[in-house]
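Read the structure below first, then the notes.
The values are calculated or read from the model by the stated rules, or taken from the named source; none is laboratory data. Since the structure is predicted, the reported quantities are computational estimates derived from the model, not experimental observations. Every residue, glycine among them, receives a Cβ derived from its backbone with ideal geometry; neighbour counts consider all protein chains shown.
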């Protein structure tokens, strides 16, 4: 059997709440009324203090407590020391908020970067100028995108002498092949190698006649190509003949 619910609105409870409210109002009003009347401050004596007025006595620096000197130094110079740090932190925050790192998965989502990557795949050993002349991209933009592709290991930059050539980072070419391909991006060197691939054992005079240049120019190019291992020379009597090395022959097949 359930018990009877207690009546919280009985007359006794109502009277108790009313009395508590009156007490609370009295506590809040009485302190405020205590300050309603003005008050005066009266000196204890009409006579002025005796003695002569004295000026403050200066204190030497060495008489100041070390703790006080340290506090003054901290208060004066610490803000100046913190100013450069605040400037650097502000600049760092600005750079971080405006810098978006390109992740490996999103490298080729940029259309310009993707076209540069496809051009390098189709033309291994391309140089900076060749890429810029083949694509509608300015120098600064091309330098930026090549840096990202190299950083994310999509391409590699191979240096052959004073030239820098770009290849897909797929392990498709060995170092000698990349070196030969980088050198064959030169128009004259490529013309010489194309002629030697069709006419192995040609002489310097025949090469000069074929590419329509002087023998001295051919000699300069042949010297460079022989040192790079692209062309091999052989003496036959009083004549020197030239032919492609196996590496250069493979590279010529790739370029063709």
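This table checks each residue for (1) surrounded by fewer than 15 Cβ atoms within 10 Å (Cβ to Cβ); (2) modelled with pLDDT of 90 or more; (3) closer than 27 Å to residue 175 by Cβ; (4) assigned by TED's automatic domain parsing to the domain that holds residue 178.
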{"site": "82", "(1), (2), (3), (4)": "yes, no, no, no"}
{"site": "86", "(1), (2), (3), (4)": "yes, no, no, no"}
{"site": "94", "(1), (2), (3), (4)": "yes, no, no, no"}
{"site": "107", "(1), (2), (3), (4)": "no, no, yes, no"}
{"site": "112", "(1), (2), (3), (4)": "yes, yes, no, no"}
{"site": "118", "(1), (2), (3), (4)": "yes, yes, yes, no"}
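Residues in the stretch 181-200: is at least one assigned to a loop (DSSP other than H, G, I, E, B), closer than 26 Å to residue 233 by Cβ, out of contact with any helix residue (DSSP H, G or I) (no Cβ under 8 Å at 6 or more places or on another chain) and in contact (Cβ under 8 Å) with a residue 40 or more places away in the chain?
yes
Which condition from (1) in contact with a helix residue (DSSP H, G or I) (Cβ under 7 Å, 6 or more places away or on another chain); (2) closer than 19 Å to residue 127 by Cβ; (3) modelled with pLDDT of 85 or more is the one that residue 176 breaks?
With (1) in contact with a helix residue (DSSP H, G or I) (Cβ under 7 Å, 6 or more places away or on another chain); (2) closer than 19 Å to residue 127 by Cβ; (3) modelled with pLDDT of 85 or more applied to residue 176, the lone miss is (3).
Inside the stretch 220-237, can you point out the residues that are more than 24 Å from residue 157 (Cβ to Cβ), surrounded by 14 or more Cβ atoms within 10 Å (Cβ to Cβ) and either touching a helix residue (DSSP H, G or I) at 6+ places or on another chain (Cβ under 8 Å) or not assigned by TED's automatic domain parsing to the domain that holds residue 249 (or both)?
Here is the first cut: in the stretch 220-237, the ones more than 24 Å from residue 157 (Cβ to Cβ) are 220-223, 226, 231-237.
Checking which are surrounded by 14 or more Cβ atoms within 10 Å (Cβ to Cβ) leaves us with 221-222, 226, 231-232.
Scanning the stretch 220-237 gives 221, 222, 231, 232.
Residues checked against (1) surrounded by 14 or more Cβ atoms within 10 Å (Cβ to Cβ); (2) outside the structural domain of residue 180 (by TED's automatic domain parsing); (3) touching a residue at least 24 places away in the same chain (Cβ under 8 Å); (4) touching a helix residue (DSSP H, G or I) at 6+ places or on another chain (Cβ under 9 Å):
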position	(1), (2), (3), (4)
122	no, yes, no, no
125	yes, yes, yes, yes
140	no, yes, no, no
146	yes, yes, yes, yes
150	yes, yes, no, no
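Using the structure shown, decide if residue 166 is part of a strand (DSSP E or B), in the same structural domain as residue 107 (by TED's automatic domain parsing) and at pLDDT 90 or above.
Details: part of a strand (DSSP E or B): yes; in the same structural domain as residue 107 (by TED's automatic domain parsing): yes; at pLDDT 90 or above: yes.
It is true that residue 166 is part of a strand (DSSP E or B), in the same structural domain as residue 107 (by TED's automatic domain parsing) and at pLDDT 90 or above.
So, of the residues in the stretch 154-173 that are touching a helix residue (DSSP H, G or I) at 6+ places or on another chain (Cβ under 8 Å) and touching a residue at least 40 places away in the same chain (Cβ under 8 Å), which turns out to be surrounded by the most Cβ atoms within 10 Å (Cβ to Cβ)?
If we take residues in the stretch 154-173 being touching a helix residue (DSSP H, G or I) at 6+ places or on another chain (Cβ under 8 Å) and touching a residue at least 40 places away in the same chain (Cβ under 8 Å), then 166 is surrounded by the most Cβ atoms within 10 Å (Cβ to Cβ).
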